[in-house]
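What follows is a single structure, written as structure tokens, with notes after it.
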Amino acid sequence: MSTPPSGPSGLLGDLQEVVGPAHLLTGEDLLASYTTDWTGRYSGTALAVLRPVDAAEVAGVLEVAARHGAAVVPQGGNTGLVGGSVPRARLAGGRPQLVLSTRRLTGGLELDRSSRLLEAGAGTTLAEAARAARHAGLHPGIDLAARESATLGGMVATNAGGLQAVRYGPMRARLAGVEAVLADGTVAARLSGLAKDSVGWDLGALLSGSEGTLAVVTRVALRLEATPVHRVAALVALDEVSSAVELVTGPLRRLASLEAAELTLEAGMSLVCETAGLAPPPGAGGAGAWLTVEAAADDDPTDELARALADPRVLETAVAGDAAGRGRLWAYRERHTEAVSRLGIPHKLDVSVRPGRLAALLARLPDEVEKRAPGARIVVFGHLAEGNLHVNVLGPPLEDDAADDAVLRLVLELGGSISAEHGVGVAKTPWLRLARSAAELEVMRRVRAALDPGGVLNPGVLEPT
Ligand code: FAD
Ligand code: 2HG
Ligand code: ZN
């Protein structure tokens, strides 16, 4: 904590009255972890970080910011990968920026076992929510490697997908309600948790994927799933990537117990083994691709999984039923993001196509990148069953987006999405006009202008450039 200097027109003094001196942070050292993103690619300057404890304080912060002409960047766990969770390098007219951290919005976790619902502050991490659900024999139906830091509010704001979306859908589908604060301080809440409710617009659906541009989410109600009695994971080595696509769109997709089907390739596998010190995976040296598959059900799904994997293209399989063994198999997939980051800051492209077009995307991807960024290193992995690939390109300078452009145009040509689960942030704004029609962008602009006429919330994010 440090004493705030009196800012322009008493902005900092007014903010201190809302959150108290202990929760208004200033000074470069205290702000550093809030102003640079997880990848290290995006950073900006903020006058202060505010750490409100409830919706009333969030409303107070927004009201003061609006009155003083400051912009507010909502931030949860700061694990976002598209630069939307940290301030911009500079705003027009040198407008001051504030980071509103939701990490103290953790109060009042409530579990309704019979309705399979969990309600918690938006700053609650996914791991905390999952631990609370586990005690009741339930789970959130959404999981990602950043689970210990990513917050429920951030996951709503990005419409996060993750490792289990093939079975339970992305965050939008997990959401049973939200409480949120609009830019003018209005607190709107619909946390009824009803399975059926057709009274007008759905606030949670509107805010899913809004990336902090429409409101600050302060409370989240999540749908939970019963924890299956049996769970089995397999790391499957395959002859080539096309076999992985065929298995996932064929026999694996037919398994009702399928909970995850994740792709890794040789470039990422060897990198993960090297940087994380993991033993060579099954099939090392000969495999062209791996699938990390998980099946879960009340009747042990091991046999049906084995039947789905009984295929001559499968070279070798490692199977684990216990938690420790499953964790060891998952490490090969989950540690890709951190392993790639060890090589430098990558161009991160999080794309999706219909599963039926994956083969075309995977076949054309390397050439498209090579043409625009000769010699670039590409690490591709991702959520194969949902048609969602993470294309990490290393080599070209960050300001050279020729490879990004080539990949995103290829994906659009195949009818896909330029952001499957990470959002647009500031990273994808140059391609928004290609990804959405003028009419769709006009709808987005009008909704945003209606809810935040002063442009307080996250300017520059989700705005076409
Ligand atoms: P932040 O990074 O803090 O913010 C993200 C965006 O949401 C920003 O635009 C911010 O302004 C806004 N925001 C945050 N909180 C709020 C709020 N309460 N109200 C309004 N707006 C808000 N993502 C996936 O989808 N699937 C994955 O499998 C996955 N794996 C990952 C693995 C690693 C190792 C890492 C580092 C990231 C991964 N991510 C993944 C990305 C990231 O974890 C998700 O985007 C997550 O949803 C971000 O949550 P957060 O709390 O960290 O949000
Ligand atoms: C994952 O699926 C995340 O592991 C991160 O979405 C993807 O690092 C990436 O590109
Ligand atoms: Zn992902």
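Nothing in this text is a laboratory measurement; each read-out follows from the coordinates by a stated rule. For clarity, every value in this text was computed on a predicted model and none was experimentally measured. Positions of Cβ are backbone-derived with ideal geometry, glycine not excepted, and every protein chain shown enters the neighbour counts.
Brief remarks follow.
- For the chain, a simple Cβ point-charge model (Lys and Arg +1, Asp and Glu -1, everything else neutral) yields a dipole of about 540 debye relative to the Cα centre.
- Averaging the Cα positions of each part gives two centres, and for region 367-384 and region 88-115 these lie 35 Å apart.
- Alpha-carbon centroids, region 175-221 and region 48-63: separation in whole Å: 17
- With the highest mean first, a sort of the peptides 102-111, 53-62, 179-188 on other beta-carbon atoms found within 10 angstrom per residue produces 53-62, 179-188, 102-111.
- Residue ranges 40-49, 162-171, 214-223 sort as 214-223, 162-171, 40-49 when ordered by packing (mean number of other C-beta atoms within 10 Å per residue, highest first).
- Relative contact order computed over region 125-226 (Cα-Cα under 8 Å; 6+ residues apart), in percent: 33
- Amide H contacts under 5 Å for GLY141: GLU225, restricted to partners 5 or more places along the chain or on a different chain, H placed in the peptide plane at 1.01 Å from N.
- DSSP-defined beta bridges in the chain - what % are antiparallel, rounded to 5: 85
- Each 10 Å bin from zero up to the one holding the largest Cα-Cα distance in region 319-402 carries the following percent of pairs: 16, 40, 32, 10, 2.
- Taking a straight Cα-Cα cut-off under 20 Å and skipping sequence neighbours fewer than 8 places away in the same chain, the aspartates and glutamates within cross-link reach of LYS196 are ASP112, GLU119, GLU179, GLU225.
- Tensor-based shape of region 340-381 (alpha-carbon gyration tensor, a/c under 1.5 rounded, otherwise prolate or oblate): oblate
- Ellipticity estimate at 222 nm from DSSP helix runs (n ≥ 4, -39,500 (n - 2.57)) divided over the chain, nearest 500: -9000 deg cm²/dmol
- Cα lying deepest toward the dipole's positive end in region 303-385, options HIS383, ALA323, LEU309, charges on Cβ: HIS383
- Mean-position separation - Cα centroids, region 410-465 and region 314-339, in angstrom: 35
- Relative contact order of the chain, defined on C-alpha pairs under 8 angstrom at six or more residues apart (%): 15
- Ranking of LEU194, LEU389 by count of other Cβ atoms within 10 Å, fewest first: LEU194, LEU389
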